[in-house]
Amino acid sequence: MLVLTRKRGQSIMLGDAIEISVVEVNGDAVRIGIKAPRELTIYRREIYEAIQEENIRASKAAAGLAAKLKNIQEKGKPRS
């Protein structure tokens, strides 16, 4: 992990298209501003993790439903 010290009004660049600026420092809270292309999705980490967990749950649910459908289809097939 790269750790940098920045003051209010200073920024860092990620590549050529993303700029992260320190907007305000108030106690242990830091407000940051992010300039990035609109097509880039930006989430707070806790939101990102919640989305990932929900995607995993949805994937498992879909796999479970697919298995049940397969089982139903196999039960409905005529035996030879």
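For the criterion of being among the acidic types (Asp, Glu) and not assigned by TED's automatic domain parsing to the domain that holds MET1, GLU49 passes. Scanning the range 1-52 for residues that are assigned to a strand (DSSP E or B), among the small types (Gly, Ala, Ser) and loosely packed, with under 11 Cβ neighbours inside 10 Å returns a single hit, ALA29.
The values are calculated or read from the model by the stated rules, or taken from the named source; none is laboratory data. All values reported here derive from a predicted model rather than from experimental measurement. Methodologically, a virtual Cβ is constructed for each residue, glycine included, from the backbone with ideal geometry; neighbour enumeration extends over all protein chains shown.
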